[in-house]
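Inspection log for the structure reproduced underneath, given as structure tokens.
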Ligand code: BTN
């Protein structure tokens with residue numbers, strides 16, 4: 001954990017087997033960004049002078065010191081935002097549904113129809129002085145079984161079906177703490193807290209000191225973080241107190257998804273509300289901010305914010321559109337901090353943002369389409385309102401499972417790209433890399449498109465894409481792109497590229513759906529940019545494909561020279577041809593030796 005925290009603000013982290021109270025220990029020396037974690041507390045403290053108990057080794061007892069907002073009028077929001085950060089951390093490390101009881105009890109859901117139960121308690125103690133800080137103490141029930149919990153209305157992440165490690169949870173909490181601290185001088189996260197606060201809208205009783213209590217409906221959280229009750233004497237704010245949800249039994253924490261229920265809701269407003277709901281589940285926040293709010297919270301000028309936003313590929317929002325959330329603030333801070341820390345110049349950071357935006361956009365559409373086809377039970381689904389909603393919900397519920405896979409694949413692919421780059425480096429500096437590149441295209445595709453129904457065309461495109469990716473990767477090549485009727489692939493050796501070419505021709509012969517193919521290949525330097533490849537070698541391969549006979553492979557001199565060393569293939573000189581924009585070349589036709597002996 002300490003290695004993973006080394007590059008963050010949390011450079012002073014101590015983990016102990018046992019202490020009295022982690023909050024008390026840190027209050028004795030409350031330097032900002034200190035963290036203390038204990039496996040067991042012997043005198044854990046709770047809110048309102050209560051105690052906090054948990055057996056050793058099954059939960060998290062953590063305290064962290066954060067600088068308070070510069071503006072004291074924001075201090076009332078600090079315990080609430082700390083609660084919101086813990087909620088967010090639990091969401092990012094598990095798939096447990098959580099909510100907050102004002103001010104900051106974290107409630108979790110054991111399953112549809114079950115009551116909310118408390119999974120974490122938070123105690124925030126502020127100091128005075130010139131640089132005031134808050135010691136934020138979190139007690140989170142992680143692995144507890146039912147009989148290890150002190151009261152009936154408590155739960156643990158384990159009882160809610162999660163098996164996240166305590167280390168991952170601690171890291172997620174500390175990351176969220178650092179994120180909220182960056183913005184808590186401004187009210188940017190206040191609405192996100194309100195959205196998580198299950199107390200709002202409820203009939204409550206607030207128990208005050210000296211046995212007094214007040215009842216009412218919780219209608220808002222005001223600018224000082226106080227809960228506002230609508231009571232018989234009007235709207236009354238309360239800064240301290242113990243909230244009791246009067247009808248807790250009537251507020252089950254989760255409803256099962258009811259796909260059928262979606263059918264009746266199809267007005268434009270309903271659709272917008274549905275999309276908004278899913279988007280806040282995806283992003284972890286509802287839309288609460290305007291463009292200018294995002295820039296201000298991230299300390300980035302509106303122009304810079306706009307440029308990064310566009311590079312990531314998101315539509316230009318109008319000034320008054322409330323379409324952003326703190327997730328956008330975080331993303332903007334992430335990308336600009338890379339530039340501010342001198343790790344990348346701005347042009348490169350913008351380029352990277354563009355690369356990520358474009359690749360993930362394609363990936364998102366592709367994934368949603370696949371899930372939709374699966375939900376419909378058909379390979380190519382026709383879309384109606386109900387299918388759209390059910391598929392959207394299914395995709396969102398998968399996102400936490402898919403996200404780690406994305407990181408893993410990205411890291412792996414960066415590794416592959418590095419090993420290719422190192423292998424491509426030569427003693428002399430040069431532009432471009434040597435590759436054998438090939439285009440394989442489907443013969444008579446245009447006529448075919450005219451004959452096929454949309455559904456059959458979609459099936460053909462999908463089958464071609466899957467078959468091309470399989471064969472190219474089977475032989476160690478790379479698919480550069482597929483465009484409808486054509487795949488462009490590359491390989492570091494001509495031998496590998498030739499195997500791909502024949503693999504594709506044979507697969508097309510065997511497949512009822514896919515028409516014949518033809519392949520053109522050339523070897524030489526190519527320039528790799530923006531995930532594509534360019535240059536004369538690519539142009540040569542493209543023109544050779546256009547003149548190849550159906551079911552044949554036509555190659556340039558360089559590929560033919562390599563093929564001559566391969567016993568399985570024979571290269572025969574073909575008629576010289578004039579290629580538009582390239583000039584006269586003498587192509588070679590490649591055949592398998594086994595096919596020739598059969599003739
Ligand atoms: C409550 O719900 O009353 C708040 C409980 C807070 C417990 C945590 S455990 C870590 C830190 N150290 C303490 O002594 N208390 C907090």
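Every number in this text was worked out from the coordinates using simple rules, so none of it is lab data. Please read these numbers as outputs of a predicted model, since none were measured by experiment. Positions of Cβ are backbone-derived with ideal geometry, glycine not excepted, and every protein chain shown enters the neighbour counts.
Some notes on this structure:
- The range 1-73-the range 108-169 distance, computed between alpha-carbon centres (Å): 14 Å
- Förster radius 35 Å - calculated FRET efficiency between residue 470 and residue 525, Cβ distance, rounded to 0.05: 0.80
- Share of pairwise Cα separations in the range 501-599, more than 16 Å, in percent: 59 percent
- Residues residue 6 and residue 358, FRET efficiency given R0 of 41 Å [Cβ-Cβ distance, rounded to 0.05]: 0.80
- Relative contact order (%) - the chain, alpha-carbon pairs under 8 angstrom, separation at least six: 8 percent
- Dividing the summed -39500 (n - 2.57) terms of all DSSP H runs of n ≥ 4 by the residue count of the chain sets its mean residue ellipticity at 222 nm at -13000 deg cm²/dmol.
- Estimated translational diffusion coefficient (Stokes-Einstein, Kirkwood radius over Cα pairs, 10 °C, 1.306 mPa s) of the range 421-547: 105 µm² per second.
- Chain lengthening between residue 219 and residue 383 when straightened (0.36 nm per residue, less Cα-Cα): 55.0 nm
- With only Cα atoms counted, the range 337-406 has Rg and Dmax values of 17.0, 51 Å.
- The simple spin-label model puts a point 7 Å past each Cα toward its Cβ; for residue 458 and residue 185 those points are separated by 5.2 nm.
- For the pair residue 292 and residue 147, label points projected 7 Å from Cα toward Cβ lie 6.2 nm apart.
- Rounded to the nearest 10 degrees, the inclination of helix 385-424 to the longest alpha-carbon principal axis of the chain is 60 degrees.
- Distance between the range 208-223 and the range 436-478 - C-alpha centres, whole angstrom: 66 Å
- Per the Cα gyration tensor, the chain maps to an equivalent ellipsoid with semi-axes of 59, 27, 22 Å, ordered largest to smallest.
- Semi-axis lengths, Å, the range 289-388, gyration tensor of Cα atoms, sqrt of 5 times eigenvalues: 33, 17, 10
- Taking every alpha-carbon pair in the range 315-355 and binning the separations at 5 Å intervals from zero gives 5, 21, 21, 23, 17, 10, 3 percent.
- Relative to the dominant Cα principal axis of the chain, helix 302-311 is inclined by about 40°.
- Between the range 512-583 and the range 332-381, the alpha-carbon center distance in angstrom: 33 Å
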